[in-house]
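Here the structure comes first, spelled out in structure tokens, and everything after it is commentary.
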Amino acid sequence: MKMFKKVMAGFIAAAMVVSMVGCGSSSSDTSDADTEAAEAQTEAAAEADTEEEAVVLNANADNMLIYCITPSTSNPYFQTVQDACTEEGEALGYTVKCVSHDDDATKQSELFDTAISEGASAIICDNAGADASIEAVQKAYDAGIPVFMVDREINQDGLCVSQIVANNNQGATLVAQYLIELTGGEGTYAEILGLESDTNCQVRSDAFHAVLDATDMEMVAQQSADWDQTQAQSKAETILQQYPDIVAIVCGNDTMACGVAAAVASANLDHEVYIVGVDGSDDMKDNITSGLATATALQQIDTITRMAVTQANDYLTTGTTGLDEKQLVDCVLITADNAANLSNFVYSE
């Protein structure tokens, strides 16, 4: 349609010019005709572009099938994504299929192919990399299937209907500020990074440093543990051997923070080491309650996932969510004072 309108606009323009010349029009008349023809072309192109922007990805809306694609559910955070998606989707009348890509972009691409071949109405995805996931999402877009990102964004706008994530900057800032209150902004610390290809990893790290670098605290070690608890425990053990006097370890997520807590407990140090994370898992809550960890920022992933399913249903039934593609949900600071209010990534006052 877009190409047809542009071609027709060209024919109209040419016809107008020939007509003017055949009637013995002046050069001024010819110039006016050229201007009108150019304007007609521009209007036709703009109209076609508007139609393209308004495309509705509802090729399989009647199938009532939602695919939920996440990292491994060995991490309870991602199990919550699948559970919330299933519960909310089934309540709206959808069949929900949940699968895991294990942070493998190739496997994720294959799962998108399966979802497309099975006629998924929509895909809810916690992706396997901000850049590495673009190709898979493009395939769904081209097949007329809307994608709704949760937890992690991709580095391209316009392919997803919605990208709903926790406000990682705000959450990491909360726990860093709480750490400063406890340490007085003094002492040495280490940082355990998550998967460095994940946008959230850098956002959280940047937020930590925006607070900590403005104090007298000094970072003496920084290691990546790829969001993994076992890796984090091993990295922390090595760091503690080299820097036994550190007063804090900041972690990119709670899974790693729990591994760090185990390492610190085993080290039998003669001083407290403050451990903070981001996620809001029940395991981290237990560590905070028992005094083995200090604080976390709850990412309200249950709420985020339910928002995505609701928006998928709205989009499939009305053609729009009525909301921006990029959406942020604020985190909640969890400490020993309010940890009892947290359960399965849901905070209750």
Item to check | Any pair with Cβ under 6 angstrom, 6 or more apart, that starts in the range 83-107 at a residue that is closer than 17 Å to residue 129 by Cβ and ends at one that is assigned to a helix (DSSP H, G or I) and among the basic types (Lys, Arg) | outcome: 101/107
Item to check | residue 336 being outside any helix (DSSP H, G or I), open to solvent by less than 10 Å² (accessible area, probe 1.4 Å) and closer than 19 Å to residue 260 by Cβ | outcome: no
Checklist entry - Among the candidates 231, 202, which residue alone is crowded, with 17+ Cβ neighbours inside 10 Å and either small (Gly, Ala, Ser) or within 30 Å of residue 304 (Cα to Cα) (or both)? => result 231
Item to check | Scope the range 80-101; condition closer than 17 Å to residue 154 by Cα and surrounded by fewer than 22 Cβ atoms within 10 Å (Cβ to Cβ); matching residues | outcome: none
Next on the checklist: Given the criterion open to solvent by 10 Å² or more (accessible area, probe 1.4 Å) and among the charged types (D, E, K, R), identify the matching residue among 270, 254.
Outcome noted: 270
Next on the checklist: Looking at the range 163-195 only, could you name the residues that are surrounded by fewer than 23 Cβ atoms within 10 Å (Cβ to Cβ), modelled with pLDDT of 95 or more and within 30 Å of residue 323 (Cα to Cα)?
Outcome noted: 165, 167, 169, 170, 173
Checklist outcome for this item: Considering residues that are in contact with a helix residue (DSSP H, G or I) (Cβ under 7 Å, 6 or more places away or on another chain) and either assigned to a helix (DSSP H, G or I) or closer than 17 Å to residue 77 by Cα (or both), the number found within the range 283-294 is 6
Checklist entry - Can you tell me which residue in the range 121-134 is surrounded by the fewest Cβ atoms within 10 Å (Cβ to Cβ), limited to those that are aliphatic (A, V, I, L, M) and within 16 Å of residue 88 (Cβ to Cβ)? => result 123
Next on the checklist: Take residue 260 and tell me if it is hydrophobic (A, V, I, L, M, F, W, C), touching a residue at least 40 places away in the same chain (Cβ under 8 Å) and crowded, with 24+ Cβ neighbours inside 10 Å.
Outcome noted: yes
Next on the checklist: Among the residues in the range 284-295, are any more than 18 Å from residue 182 (Cα to Cα) and of a type in the set (D, E, K, R)?
Outcome noted: yes
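Matching residues to (1) out of contact with any strand residue (DSSP E or B) (no Cβ under 8 Å at 6 or more places or on another chain); (2) assigned to a helix (DSSP H, G or I); (3) modelled with pLDDT under 95:
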| position | (1), (2), (3) |
| --- | --- |
| 239 | no, yes, no |
| 249 | no, no, no |
| 256 | no, yes, no |
| 272 | yes, no, no |
| 306 | yes, yes, no |
| 310 | yes, yes, no |
| 323 | no, no, no |
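The values are calculated or read from the model by the stated rules, or taken from the named source; none is laboratory data. Note that the structure is predicted; figures quoted are calculated from it, not measured. Here the Cβ is made from the backbone with ideal geometry for all residues, glycine too, and neighbour counts use every protein chain on show. These area figures cover heavy atoms from the full protein model, side chains too; ligands, DNA and RNA do not enter into them. Shrake-Rupley method; radii C 1.70, N 1.55, O 1.52, S 1.80 Å.
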